[in-house]
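The values are calculated or read from the model by the stated rules, or taken from the named source; none is laboratory data. Computed from a predicted model, the values in this text were never measured in an experiment. Here Cβ is always computed from backbone atoms with ideal geometry, including for glycine, and neighbour counts include all displayed protein chains. With ligands, DNA and RNA removed, areas are computed over all heavy atoms of the protein, side chains included. Shrake-Rupley method; radii C 1.70, N 1.55, O 1.52, S 1.80 Å.
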Amino acid sequence: MDFALLAVQILNGLDLGFILFLVASGLTLVFGVMDFINLAHGVQYMLGAYFAAALIAWSGSFWLGLVLGAAASLAMGLVLEWTVFRHLARAGHLEQVLATFALILIFTDGVSMIFGAGALSINLPASLAQSVPLTHGFSYPLWRLIIIAAGLGVALLLWALIAKTRLGMLVRAGSTHPQTVQALGVDIDRLFLMVFAFGAMLAGFAGTMAGALTGVEPTMGDSVLILAFVVIVVGGVGSVRGALIAALLIGLVDTLGRAFATDIMGLFLSRSSAASAGPALASMLIYVLMALVLAVRPSGLFASGD
Amino acid sequence: MLPQRLKNFVRHEPTTALLALVFIIALLAGQVLGVTAPTTLLARAAIFAMAALSLSFILGQGGMVSLGHAAPMGLGAYVTLSLSMLGFKDLFLVMACAFVAGATFSALTGLIALRTRGVYFIMITLAFAQMAYYAMSSLSVFGGTDGIALPVRSTLFGWPLLRADSATALLAVLMLGVMFWGLSRVTRSRFGMALRASHLNEARFTALGFEPLPYRLLAYSFAGGLSALAGVLLANLTDYIAPSFLDWHRSGELIVMVVLGGVARPAGAILGAFALIYLESLLGGLTQYWNLALGLILLAIVLLRGRFEGATRITP
Amino acid sequence: MRTKYLLGISCVALMAAATASVKADPVRIGLMATLSGPASVLGIQVRNGFMLGVKELGGKLGGQPTTITIVDDQFKPDVAVARVKDLLQRDHVDIVTGIVFSNILMAVEKPVLAAGKLLISANAGPSPLAGAACSPLYFSTSFQNDTVHMAMADYANAEGIKKVVLIMPNYQAGKDAAAGFKHDFKGKIVDEIYTPLGQMDFSSELTKVASEKPDAIYTFMPGGMGVALVKQYHQSALVGKVKLLSGDTVDETSLPGIQDAALGTISASHWAPNMDNPQNKIFVASYEKAYGAPPSFYAAQGYDAAKLIDGALRKTGGKVNIEALRKAMDGVPFKSVRGAFKFNNNGFPIENFYQVSIIKRPDGKFVTQAGAKVMDMAKDIYAGACKLPPR
């Protein structure tokens, strides 16, 4: 195996990992602080991408559209919290599952009603839609490097917010001892509103970053939602640090699995069976990883309270 | 007194009553408009009701929210397929093998999954179901991702009972009835009480000297076996078996059926399954955006139910 | 645009309802397509094309009152079977058409054909139905899965391409595509990469291709997967070094998502909006007017299916007799928007394939454009295994 090839595949894995982190960090906070299962988080990822695509086309400027798109995601988060989520905050988990599942159906169909079921494009400026040489023989798409940098930036920002600010302190306290926080007179509803809207913005931002690579589709949030849940469960619900480590782990396992599973299977099976079984088994890897982690640590790697 | 019982029923379970009413009206309207409900759809609804009922048992009684309940159901279908490919098609044999396969899968995965609680349980059951999904997708002998046609339907003592969908519908409704009766008995039994207790107050249950795991594991694998029986019927109804049978979307649909009907009521799962299957068929014929319509209906039901009945306090 | 469509539907329904009371036996047609989920963009085009054809005929196929029931298979075989039985048992349809994906077609062909009804595929073309499992009641207005990929292999041979990496989704049509390409390709297949259906991130695969240094990639990625792959190819360092050849990947369903990145990609098709015949000019113009976007070959196939049914009904004098309809269809009673068109003994078309490039129109929309003919009146390679007589 070529070392440079492995290095590029590791970059690919980090790239997926940071996208997942952007989605999962908001999800894990909403879950951790408010004990709220939000299946519609994938919808916010999708909506963010649509906002950005529409606003970039409207404004004619990539960067302006990007910023406006993030603002629109934030606004959408506020609106959703105010109209729907607030009324479910004290309902049972299963009610939340059913209601947010309904939101997936409504928004997925609604978006395809407005924008059509086909993919839209987020066009990168020509200066960003190119590759930069890394080693001799290998170059890497610039946008993917930007995703990694943006993911690192958001991780640092979140760390600073959570570790250094008063709001962050409340979030930390809220995720482990919600009753105590409420008893101390903190308006937990407002805290939830802020955490929720911020999470929606991060998800929308992730959708935009990924949408520039893959195109923007009404159902793009579905698979990301499941992966994000895998991430927060492996990382430990409520733990942003856990979400970061789990996201990178999942991103790497998934990408390296896809890159090398067929070749490894080829050592044991005929070429055609390996080509058919390899991709399926590569897709299985992250679930095997999750089951292993939960078998050893039933509350994830960084369970809150650790 | 029947009217009195009906009154009580409506008072205590308004949404069940409302859903049942809507269902009856829709059926009647269909008859009047000449749109008779096809027997295949009835069979499909009864089959999903069987799977949803078995999920409702572990969810309602044991608090086990499995997001992988389509896996034993799908495995039941794949058992039917593989036996049929090998030339075994007797319904009793197929059902017995499917039950064992579904129960074994649930028992083995349950041993690990039941160590976790809450959302971790939801996700680990999903993980095992996804593994089963990808395992079936990787088997080219079963058609891989595309799936494959069932060579021949199951027979009863060599008699091709399931050749007609109406017979499958009848059998499914019968089995659903037996299952409902049986599970109600189990719920009221000593085992059912222990199961409930293990979920409602685990600490006290353990303090009383009980070990929760055996009760939960037994219930979990039993439900898996029952779900596999539904899978056998689904394979016979569809004549085509694909990995989408064990997809997480399917598991999610089963949860939606259970929650829609109401976790607390025994017949809720049946009601939810019928409502969802018929709504899907009905709305699909009316509008291209039937998912949107379905979503609005579901959302309205949750929000209204929260107002009228208060939340069902089953926290996973 | 969509309200217009809905109006159209309700008009058809109303007309059907109004005439049903007068005349006893309307023509009942079931249209099944994948209308929800990631793959719905293809199904919506098939449906739009079909309904456009129906609308053009005043909602009356063969001059007869017509009811059309549209159902969504959700890309799940068991749902498809449930819906097709809804069509057969509840709506009593005589003809089932539409159907985008091969595995859906393989799941529903049995109930439809066993009920003695006509099955007209407007897209899916799986090899079993072209070969030993062929049926006189089955017709296709599209193509057998392999054929377009054979056409691309012929193109690659002509261009002197020697080393190719295949990237295919891991399902039957992807394997058919690989088989079709390999059947005709004379160079070397360096690697065959199969990806899970619905995968959107091709970073790992493209990195692998870069290390294998072939002359070209050949791919078949319908819908959103194609958008993702072509965009990511375009952002990678492969551009200018490794050509991107594709079949059923870059077309009007994916072009709004790919946009400029699609310029320069080469594919093959049996149809493109610039096909030079009068019926196609009418179709393309009225499709753009009705739906606000250029049609893809999926829409063209749906449109042809409507015209095929219409033509057959005119031949039978409006009588819905399956045997008479089948015989009428054998004689190709319509003018296809692709021009020359005949049915092979297995019900699949005998048709031309063209090299297709992408152009950006002055109004900023992207369309496919057919160029040189690569295959002349091509037949699929499975027809020999079908025991039916020539149609």
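Would you pull out the residues with amide H under 5 Å of C:H270's amide H, same chain only if 5 or more places away, H placed 1.01 Å from N?
Here the answer is C:Y354, since their amide H atoms fall under 5 Å of that of C:H270.
How large is the helix-only mean residue ellipticity at 222 nm for chain A, computed as the sum of -39500 (n - 2.57) over DSSP H runs with n ≥ 4, divided by its residue count, in deg cm²/dmol to the nearest 500?
-26000 deg cm²/dmol
To the nearest 100 Å², how much accessible surface do chains C and B hide from each other in total, with a 1.4 Å probe?
Buried: approximately 2500 Å² between B and C.
So what is the 222 nm mean residue ellipticity for chain B from helices alone, if each DSSP H run of at least 4 adds -39500 (n - 2.57) and you divide by all residues, rounding to the nearest 500 deg cm²/dmol?
-24500 deg cm²/dmol
Which ³J(HN,Hα) values, rounded to whole Hz and listed in residue order, are derived for the range C:150-166 from phi using the Karplus coefficients 6.51, -1.76 and 1.60 in 6.51 cos²θ - 1.76 cosθ + 1.60 with θ = phi - 60°, glycine and proline given as x?
5, 4, 5, 5, 4, 4, 4, 4, 5, 7, x, 7, 9, 10, 10, 9, 8
Mind grabbing the base-10 log of I(q)/I(0) for the range B:37-309 at q = 0.13 Å⁻¹? Debye formula, identical points on the C-alpha positions, no solvent, two decimal places.
-0.85
So what's the back-of-envelope 222 nm ellipticity for chain C, counting only DSSP H runs of four-plus at -39500 (n - 2.57) apiece and dividing by all residues, rounded to 500?
The helix-only estimate for chain C comes to -12500 deg cm²/dmol at 222 nm.
Leaving out ligands, DNA and RNA, what percent of the accessible area of the range B:37-309 is carbon and sulfur, probe 1.4 Å?
About 72 percent, which is the carbon plus sulfur part of the accessible surface.
Determine by what factor the alpha-carbon radius of gyration of chain C differs from 2.2 N^0.38 Å, reporting the quotient.
Here the answer is 0.96, to two decimals.
Pop out a list of residues from the range A:251-277 that are at least 50 Å² less accessible with all the protein chains around than in their chain alone; 1.4 Å probe, no ligands or nucleic acids counted.
A:R258, A:R271, A:S276
Would you mind calculating the gained length between B:V178 and B:V10 on full extension (0.36 nm times residue separation, minus the Cα-Cα distance), in nm to one decimal?
58.0 nm
Across all directions of projection, what mean area in square nanometres is found for the Cα convex hull of the protein assembly as shown?
40.4 nm²
Return the sequence-ordered ³J(HN,Hα) values of the range B:277-287 in whole Hz as given by the Karplus equation 6.51 cos²θ - 1.76 cosθ + 1.60 applied to θ = phi - 60°, using x for Gly and Pro.
Values, residue by residue: 5, 6, 4, 4, 5, 6, 5, x, x, 8, 9 Hz.
Dipole size in debye (nearest 20) for the range B:158-316 around its Cα centre, Lys and Arg Cβ +1, Asp and Glu Cβ -1?
So the dipole magnitude of the range B:158-316 works out to roughly 660 debye.
Tally up the carbon and sulfur contribution to the accessible surface of the range C:147-269 as a whole percent, 1.4 Å probe, everything protein left in place.
Here it works out to 54 percent.
So if the hydrodynamic radius of the range A:43-184 is defined as the Kirkwood radius over C-alpha pairs, what does Stokes-Einstein give as its diffusion coefficient at 37 °C and 0.692 mPa s, in µm² per second?
Once the numbers are plugged in, D ends up at 177 µm²/s.
Can you divide the C-alpha Rg of chain A by 2.2 N^0.38 Å and report the result to two decimal places?
It is 1.03.
What does the accessible area of C:K243 come to, in Å² to the nearest 10, when a probe of 1.4 Å is used?
100 Å²
Applying the Karplus parametrisation 6.51 cos²θ - 1.76 cosθ + 1.60 with θ = phi - 60° to the phi angles of the range A:147-156, what ³J(HN,Hα) value in whole Hz is obtained for each residue in order, glycine and proline being reported as x?
For the range A:147-156, the Karplus curve yields 4, 4, 5, 5, x, 4, x, 5, 4, 5 Hz.
Taking both sides together, what accessible area is buried at the C/A interface, probe 1.4 Å, expressed in Å² and rounded to the nearest 100?
Looking at C and A, the buried total is near 2900 Å².
Please compute the average number of Cβ atoms from other chains found within 10 Å of each residue's Cβ in peptide C:222-234.
5
Where in the range C:177-216 does accessible area fall by at least 30 Å² between the isolated chain and the complete protein assembly, at a 1.4 Å probe radius?
C:E192, C:Y194, C:P196, C:M200, C:D201, C:S203, C:S204, C:T207, C:K208, C:S211
If amide hydrogens are placed 1.01 Å from N in the peptide plane, which non-local residues have theirs closer than 5 Å to the one on A:S131?
A:L142
For A:V296, what accessible area in Å² do you get when you roll a 1.4 Å probe over the heavy atoms of the protein chains, rounding to the nearest 10?
120 Å²
Carbon-plus-sulfur fraction of the accessible area of the range A:1-52, 1.4 Å probe, in percent?
Reported share for carbon and sulfur atoms: 76 percent.
If I histogram all Cα-Cα distances within the range C:147-269 using bins 5 Å wide from 0, what percent of pairs lands in each bin?
The distribution over the range C:147-269 is 2, 12, 25, 27, 23, 10, 1, given as percents.
Counting other Cβ atoms within 10 Å of each Cβ, which chymotrypsin sites (Phe, Trp or Tyr not before Pro) in the range B:156-188 have at most 11 and sit in a DSSP loop?
B:F157
Quick check: the distance between the Cα centres of the range C:93-161 and the range A:216-294, to the nearest angstrom?
34 Å
Would you check the accessible area of B:V100, probe 1.4 Å, heavy atoms only, in square angstrom rounded to 10?
90 Å²
Might you tell me the accessible area per residue for chain A, computed with a 1.4 Å probe and given in Å²?
37 Å²
On average, how much accessible surface per residue is there in the range B:37-309, in Å², for a 1.4 Å probe, leaving out ligands, DNA and RNA?
34 Å²
Could you rank B:I241, B:I148 by how accessible they are, 1.4 Å probe, largest area first?
Order by accessible area, largest first: B:I148, B:I241.
Using only the alpha carbons of the range B:77-118, determine the length spanned along each of the three principal axes and report them from longest to shortest in whole angstroms.
42, 16, 14
What total accessible surface area, summed over both chains, is buried at the interface between chains B and A, computed with a 1.4 Å probe and given in Å² to the nearest 100?
So the total buried area for this chain pair works out to about 3800 Å².
How high is the FRET efficiency between C:A285 and C:D376 when r is their beta carbon distance and R₀ equals 30 Å, given to the nearest 0.05?
After rounding to 0.05, the efficiency reads 0.60.
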